[in-house]
Amino acid sequence: MRLGRPLGDLVFLYCLAAPAAAMVLAFALLFYAHIDLSREALELQGLKTFAGARWRPSLEPPPKSEYGLLPAIVGTLTSAGIALLIALPVSVLLAVFLVEIAPRSLSHLLGLIIDALAGLPSVVYGLWGLYFLGPFLRKNLMEPLHELLGFLPFFSCKPLSGASVLTAGILLSIMITPFASALVYEAYRSVPSVYIEAAYSLGMTRYEQAMTRLSMIRGAVVSAALLGLGRAMSETAAVTMVVGNAYVLSPCVFSPAYTITSLIANQFAESHGYPLMLSSLFAGSLLLLCVGLIVNAAGLRALRSVRL
Amino acid sequence: MSWARKLKDRLFSALASLVALAFAAVALHVVLYVTWRGLPVLASEGLSLLFEKPAAVTAERPGGVAPALVGTLYLTASSLAIAAPMAALAAVFSVEFPRSPLSRLVRLTSRALLEVPTISVGLLVFSLLVLPLGRFTGLAGTVALALVMLPYVYVYAESALSSVPSTYIEAGYALGMRRAQVALGLRLKMAKRGVWRGVLMATMKAMGETAPLLFTVYGARAVVFGGPLQPIDALPLMIFQFIQSGYENWRALAWGGAFVLLVLYMAMYAAYRLALRGETK
């Protein structure tokens, strides 16, 4: 009898290790390339790359040419923030409805529809947002809000077209709800029935029971919020189609704006003649990658904290 | 029960029902609206929508989406051929050798990059493949989409593989099976359904992606398919670019293409649900 590892097993180990190593390498390369290519912008412009508010392409060296990402960063944060503000309550209520209230057949049907929507190509949402949601919101939400509450800085500008940060935020909320809702739904459903029975035997109403149950899966709700936020920030095609793509820094949500992703998508073709612009776009992408990584890691951590 | 508690309960149920049904209505509206705008284009152009190239901007008719459709099918298939085996084998590795540092690393990075901004992947592939080659290629698109798919397939495959009960694995070894036989013949086979689920999810995602293709395949519409080393087109990319163009007939083509993409997606989704059927939840 042979001792130790048979040769075949060793070969097998290396055959499997190769794809695993290649995957890790590819992901490492993703960061390395981003750091390498954004170095020029960070060295020449320093913090102004992220804090500068002007986008002035020029072949002259800085300060004649400026590539400040601040308006795009603000646009990303605002649109993703609006999306989360709407999507989180909706997805929690949706999950509660599917488990607690809907009859079994309706719940199954809605589950199918929502699941299908989670993966719908984002250009499809973009088309709908561009041709239906934007004009619809302008007429029924933005114009009335501007007339009624125009003295507030958020609503101070006249809605010129349907394309705005608000439209992007609302479209994003529709796009991330199916995904966020599925996370809450899975956790909500897996609360052991002894707790539910105990809640009802204490005389709780369905509302009180649902609240107790939600508090038990708080981690899943937090995780849905964080992962949803990550998705909203990195969405590109649909946002580019509805956000309006104007390089302005305005508190008004009716104003067209840029997000980091739409800036990259739109300005990339221009950047061939301007090495510093290309490098600045890579810096924006690097920022997105880092924030995404943190938000994702925190979200998955929150999900793991759910112990039932 | 006090009336206040009862009222709160009723209000909550009503609110949850209203929100859920409103969301479902919005969801259906998205699909129906795109169908409503896209189906007439297919109806008026007939099958030439699928088999022709886009018409010139000066033409009356929109032409067809053939380059985009072929490109999407090619890109999806080729990226799948790279990503699925690679991620599945990596998953087998990290389940079979769970304590090796490489396993930990691949598990960590895949989870962290599950929702990686796909536009960043596009930029990476641009800097790695497009800049050195000096042109946009189908190959670059394949690599970009494969990178987007990898973490998806891996995460699903890994969770399916690690949920195979250890008694089966022990039984395999007790019968004198080799490690490779246990890992591939037993574990992978038993977790087949879960692995397929991840593969199909990733395929659906890859098929509809626009952002990773913006700077990699570019969108070449003069020929239907120029080969992997030439610029090619893809449906989401064509829709994205044509809907924002100023030409009436190109915008019509974008709607037609969107309907085709929707049908493709729904077919994939049906396959996905079928693969899932019978799975104990």
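Comparing A:A33, A:A187, A:A87 in a Gaussian network model of chain A (Cα springs below 10 Å), the most mobile by mean-square fluctuation is A:A33. Dividing the helix sum by the residues of chain A, where each DSSP H run of 4 or more adds -39500 (n - 2.57), gives a mean residue ellipticity at 222 nm of -22000 deg cm²/dmol. Each of B:A211, B:L186, B:I239 was placed along the dipole of the range B:167-247 (beta-carbon charges, centred on the mean Cα), and the one lying farthest toward the positive end is B:L186. Test of understanding: extend the Cα→C-beta vector of A:A22 to 7 Å, then name every residue of the range B:54-82 with backbone N under 16 Å from that spot. Taking a point 7 Å out along Cα→Cβ of A:A22, the residues of the range B:54-82 whose backbone N falls under 16 Å are B:78-82. Exposed loop sites were defined as trypsin sites (Lys or Arg not before Pro) in DSSP loop states (anything but H, G, I, E or B) carrying at most 12 other C-beta atoms within 10 Å; in chain A the longest segment without such a site runs A:65-306. Relative contact order, whole percent, for the range A:50-150 stands at 13, derived from Cα pairs under 8 Å and 6 or more residues apart.
Sorted by packing (mean other beta-carbon atoms within 10 Å per residue), highest first, where do B:219-232, A:243-256 land? Mind showing how you got there, number by number?
Numbers: B:219-232: 17.1, A:243-256: 20.4.
In descending order of packing, they fall as A:243-256, B:219-232.
Note on B:K53: lysines with a C-alpha under 27 Å away, same-chain residues under 8 apart excluded, are B:K205. Between A:V194 and A:F136, the modelled labels are 4.7 nm apart [label points 7 Å from Cα along Cα→Cβ]. In terms of its alpha-carbon gyration tensor, chain A comes out oblate; a/c meets the 1.5 threshold, while b/c is at least as large as a/b.
Counting, for every residue in A:224-230, the Cβ atoms of other protein chains within 10 Å of its Cβ and taking the mean gives 1.
Over all residues in B:232-240, what is the mean tally of Cβ atoms on other chains that come within 10 Å of each residue's Cβ? It would help to have the intermediate numbers written out before the result.
Numbers: counts 0, 0, 0, 2, 6, 2, 1, 7, 10.
Counting other chains' Cβ atoms within 10 Å and averaging over B:232-240 gives 3.
Please give the length that would be gained between A:E186 and A:E60 if that part of the chain were fully extended, namely 0.36 nm times their separation in residues minus their C-alpha to C-alpha distance (nm, one decimal). 39.8 nm is the gain from fully extending A:E186 to A:E60. Counting only lysines at least 8 places from B:K189 when in the same chain, those with an alpha carbon closer than 24 Å to its own are B:K281. In a reduced charge model with +1 at each Lys and Arg Cβ and -1 at each Asp and Glu Cβ, the range B:42-133 shows a dipole moment near 460 debye about its Cα centre.
Using only side-chain charges placed at the Cβ, +1 for Lys and Arg and -1 for Asp and Glu, the dipole size of the range A:1-68 relative to its Cα centre rounds to 120 debye.
Let me make sure I get this right: for the range B:120-213, a, b and c are the square roots of the gyration tensor eigenvalues over alpha carbons, sorted descending. Under 1.5 in a/c it's rounded, otherwise prolate if a/b > b/c, else oblate. Which is it? Don't skip to the answer; put the middle values down first.
Working: a/c = 4.31, a/b = 2.63, b/c = 1.64.
Taking the square roots of the gyration eigenvalues as a ≥ b ≥ c, the range B:120-213 is prolate.
Does anything in the range B:106-134 have its amide N under 20 Å from the 7 Å Cα→Cβ label point of A:H272, and if so which residues? What the label zone holds, given the 20 Å backbone N cut-off, is B:122-134. Between B:S2 and B:F51, the simple label model (points 7 Å from Cα in the Cβ direction) yields a spacing of 7.5 nm. A Gaussian network model of chain A, with springs between Cα atoms under 10 Å, assigns the largest mean-square fluctuation among A:A257, A:A83, A:A118 to A:A118.
Could you calculate the contour length gain from B:E60 to B:Y247, that is, 0.36 nm times the residue separation minus the distance between their Cα atoms, to one decimal place in nm? Can you show the working numbers first?
Working: separation 187, 0.36 × 187 = 67.32 nm, distance 1.03 nm.
Once the chain is fully extended between B:E60 and B:Y247, it gains 66.3 nm.
Relative to the Cα centre, the charge distribution of chain B, modelled as +1 at Lys and Arg Cβ and -1 at Asp and Glu Cβ, gives a dipole magnitude of about 1080 debye. Loop-resident trypsin sites (Lys or Arg not before Pro) (DSSP state other than H, G, I, E or B) in the range B:1-100 with no more than 12 further Cβ atoms inside 10 Å of their Cβ: B:R99.
Calculate the mean, over all residues of peptide B:21-33, of how many other protein chain Cβ atoms lie within 10 angstrom of the residue's Cβ. Don't skip to the answer; put the middle values down first.
Values: counts 5, 2, 15, 8, 0, 7, 9, 2, 4, 12, 6, 1, 6.
So the per-residue partner count for this stretch is 6.
Within chain A, A:C15, A:C290 have no other Cys Cβ under 4.7 Å of their Cβ and so lack a disulfide-compatible partner by this rule.
Multiplying the residue separation of B:Y33 and B:R111 by 0.36 nm and removing their Cα-Cα distance gives an extension gain of 24.6 nm.
Projecting label points 7 angstrom from Cα along Cα→Cβ for A:D9 and B:A275 puts them 3.2 nm apart. Only Cα pairs under 8 Å and 6+ residues apart enter the sum, and on that basis the relative contact order of chain A stands at 27 percent.
If you take the square roots of the eigenvalues of the alpha-carbon gyration tensor of chain B and sort them as a ≥ b ≥ c, do you get rounded (a/c under 1.5), prolate (a/b over b/c) or oblate? It comes out oblate by the Cα gyration axes.
A short reminder: the numbers here are calculations on the coordinates, not readings from a lab. Just so we're clear, the structure is a prediction, and the values are computed from it rather than from any experiment. A quick note on method: Cβ atoms are made from the backbone with ideal geometry, for glycine too, and the neighbour counts reach across all protein chains shown.
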